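One structure is given here, and the rest of the page talks about it.
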Amino acid sequence: MNEDFLSHLSTQQIGERFDLLATDAKEYAIFLLEQDGRLICWNAGAERLFGYQSSETIGQHFSRFFSPEDVRNGQPEHEIKTALAEGRADSVRWQVRKDGSRFWCHATLTALRDEHKQLRSFARVMHDLTDSQAQDVQKKRGDDLADANRNKEEFMALLSHELRSPLAPILNSLNILRQMKTNDPIIEQAGNIISRQVMQMVSLVDDLLDISRITKGKLRLTKERVELRGVVNRAAESVRPLMDARKHDFSVSLPTKPIWVEADPARLEQIFVNTAQ
């Protein structure tokens, strides 16, 4: 529909041509307006989108489809003034259905003039963007979550390395102290406490590193033929100081015959340690 096509038609003829051209455009709400913004006619797409029958809207001002806040702010009048001055007015905003519900809409109001450049009417074409808006919101939410997860992984990896750095000199200092000959039970007890707590810190740091590797898909398993009883015994040795410190009863019962499995011994031991803790 264009200006040349409409320039020589009466209002009734415009309505008839409009009905013919807009009948199949059901995905778009299309209607014609008088110069003062009152509806002349509209299509089936407008009926579907707004919920009104034509008989309920013809002769009504198109501001009835705007939100109350837009009506107060003069948005309908602004669109008419813009279309008069520039030929068309585009907007993306909420529109209101008959039942009061809102939908996010892109609308274009076009001024239709005759061969003498005199205004004859306006055409308004609207497209429901609610689904597109929902998809955009969902995509942004997904992007935000991905960014937050990536930042968390980077922080955990950095934290793990920062925590690991002071543990090595602490262990080295502890080994030096233990090489010094002393019969003081308090010093011996303090050394044992330091040793257990440092090993606990090493275990926690390793867990953080493992989580970081798992989330990045970089954790690798080195499988080999492993005797299960030896792995369990090593795990028991690792957790026994912690159990003693907590005054827990702790015992390990193993079968007499060897049990061979195909596994990563370090990860398997870690599983047993985490289970015991």
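Filtering segment 28-47 to residues that are touching a residue at least 24 places away in the same chain (Cβ under 8 Å) and either among the charged types (D, E, K, R) or part of a loop (DSSP other than H, G, I, E, B) (or both) leaves Tyr28, Glu34, Gln35, Asp36, Gly37, Arg38, Asn43. Please work out which residue is modelled with the lowest pLDDT, limiting yourself to segment 31-59 and to residues that are open to solvent by 30 Å² or more (accessible area, probe 1.4 Å) and under 37 Å from the mean Cα position of the chain (by Cα). Filtering segment 31-59 for residues that are open to solvent by 30 Å² or more (accessible area, probe 1.4 Å) and under 37 Å from the mean Cα position of the chain (by Cα), the one modelled with the lowest pLDDT comes out as Ala44. Total residues in segment 90-104 satisfying the condition of being assigned to a strand (DSSP E or B) and either in contact with a His (Cβ under 7 Å, 6 or more places away or on another chain) or among the acidic types (Asp, Glu) (or both): the figure is 2.
Restricting attention to segment 182-227 and to residues that are within 15 Å of Leu158 (Cα to Cα) and of a type in the set (D, E, K, R), the residue that is modelled with the lowest pLDDT turns out to be Lys216.
Checking each residue in segment 217-267 for being open to solvent by less than 90 Å² (accessible area, probe 1.4 Å) and charged (D, E, K, R) picks out Glu224, Glu227, Arg229, Asp264, Arg267. With the requirement that a residue be more than 36 Å from the chain's Cα centre (by Cα), surrounded by fewer than 16 Cβ atoms within 10 Å (Cβ to Cβ) and not in a helix (DSSP H, G or I), what does segment 60-87 give you? If the condition is that a residue be more than 36 Å from the chain's Cα centre (by Cα), surrounded by fewer than 16 Cβ atoms within 10 Å (Cβ to Cβ) and not in a helix (DSSP H, G or I), then Gln60, Gly87 are the ones that fit.
Within segment 58-84, residues that are closer than 18 Å to Leu112 by Cα and of a type in the set (D, E, K, R) have Cβ atoms under 7 Å from residues that are assigned to a strand (DSSP E or B) and open to solvent by less than 30 Å² (accessible area, probe 1.4 Å) in these pairs: Glu79/Ala89; Glu79/Ser91; Glu79/Leu109, counting only partners at least 6 apart in sequence or on another chain.
Taking each residue of segment 168-184 that is of a type in the set (Lys, Arg) and looking for partners that are open to solvent by less than 60 Å² (accessible area, probe 1.4 Å) with beta-carbon atoms closer than 9 Å, six or more apart or interchain, yields Arg178/Gly191; Arg178/Ser195.
Scanning segment 125-154 for residues that are touching a strand residue (DSSP E or B) at 6+ places or on another chain (Cβ under 8 Å) and at pLDDT 60 or above yields a count of 6. Suppose we keep only residues that are small (Gly, Ala, Ser) and over 10 Å from Arg124 (Cα atoms) within segment 88-112. Which one would you say is least open to solvent (accessible area, probe 1.4 Å)? Filtering first and then ranking leaves Ser91.
Scanning segment 113-129 for residues that are open to solvent by less than 60 Å² (accessible area, probe 1.4 Å), assigned to a loop (DSSP other than H, G, I, E, B) and touching a residue at least 40 places away in the same chain (Cβ under 8 Å) yields a count of 1.
The values are calculated or read from the model by the stated rules, or taken from the named source; none is laboratory data. These numbers were taken from a predicted model, which means no experiment stands behind them. Glycine also receives a Cβ, built like all others from the backbone with ideal geometry; neighbour counts cover every protein chain displayed. Just the protein is used for accessible areas: all its heavy atoms, side chains included, with ligands, DNA and RNA removed. Shrake-Rupley method; radii C 1.70, N 1.55, O 1.52, S 1.80 Å.
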